[in-house]
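What follows is a single structure, written as structure tokens, with notes after it.
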Amino acid sequence: MGPCLVNSVLANLLFQDFQIINPGKAGIYFVWGNVAIDHGFVVGAQGGGIVAFQVHGLHVTNCNLLSNKEAGVLMQGIHPTLGQVGIVIQGNTIQNTQSIYGLYGDGIMATLFPAEQSLVASLLNNQIIKSERAGSSSFGADLSLAGNNIFCSPFDLDGEFFPSPSGIPYKFNDLVGNLCGCPRIPLEGGGCEVTSSTLTPPPPVGELQ
């Protein structure tokens, strides 16, 4: 049984070369930090593999996030006063992400927090395979994608307006080299399709999942 790792203070933290197996809640969860997560292995988390709430900075690289519920990586909101310094999700394998209580199940999920500016993130060279809902979803977030393989999910990319009085639009910036679909071996996917399917964002995650 692996621990949940919690940071609730604005700090620079590095998690590297670790394994978290079947935690009862999130694998790694933090609030407000500037966090780098590298060469980690999170499997079977019940409340998200990596969960970042009101994130200031986040780099997730070279991780294996397998069979986690709700999301492989869940980002919700940015720091309310300092904003963000950079969010990059790169070179990860995110596979078999599952729903929880029949909801969610996205490989990478990015959503705003009420009354905050847009969350901007780069998704680069990830393998996102067999998510139960969407390979990646944006609820009002601005996501740029390059070199990702997003395979065998009901939705490649799902974008939804963030529910607010005016409605905050999502953005997917398809840069280069993204492949989607559910190809046979060898993997030769096609272009990635953005859909809006009135999916539901998660509730605020300001307390430990």
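To keep it simple, each residue is scored yes or no on (1) surrounded by 24 or more Cβ atoms within 10 Å (Cβ to Cβ); (2) in contact with a Leu (Cβ under 9 Å, 6 or more places away or on another chain); (3) among the small types (G, A, S).
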| site | (1), (2), (3) |
| --- | --- |
| G83 | no, no, yes |
| G86 | no, yes, yes |
| I94 | yes, yes, no |
| S118 | no, yes, yes |
| I129 | no, no, no |
| G135 | yes, yes, yes |
| S144 | no, yes, yes |
| N148 | yes, yes, no |
*Consider F139 against the criteria (1) surrounded by fewer than 24 Cβ atoms within 10 Å (Cβ to Cβ); (2) aromatic (F, W, Y); (3) under 24 Å from I21 (Cα atoms): it satisfies all of them except one. Which criterion is unmet?*
(3)
*In this structure, is H39 out of contact with any Phe, Trp or Tyr (no Cβ under 9 Å at 6 or more places or on another chain) and surrounded by fewer than 18 Cβ atoms within 10 Å (Cβ to Cβ)?*
no
*When the range 96-116 is examined, which residues are found to be of a type outside the set (V, I, T), surrounded by 24 or more Cβ atoms within 10 Å (Cβ to Cβ) and outside any loop (DSSP other than H, G, I, E, B)?*
D106, G107, M109, A110
*Looking only at the range 141-158, decide whether some residue is of a type outside the set (D, E, K, R), part of a strand (DSSP E or B) and under 14 Å from G77 (Cα atoms).*
yes
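Coordinate-derived values only; no laboratory data. Predicted, not measured: the structure shown is a model, and the values here were computed from it. Note that each Cβ is placed from the backbone with ideal geometry, even for glycine, and that neighbours are counted across all protein chains shown.
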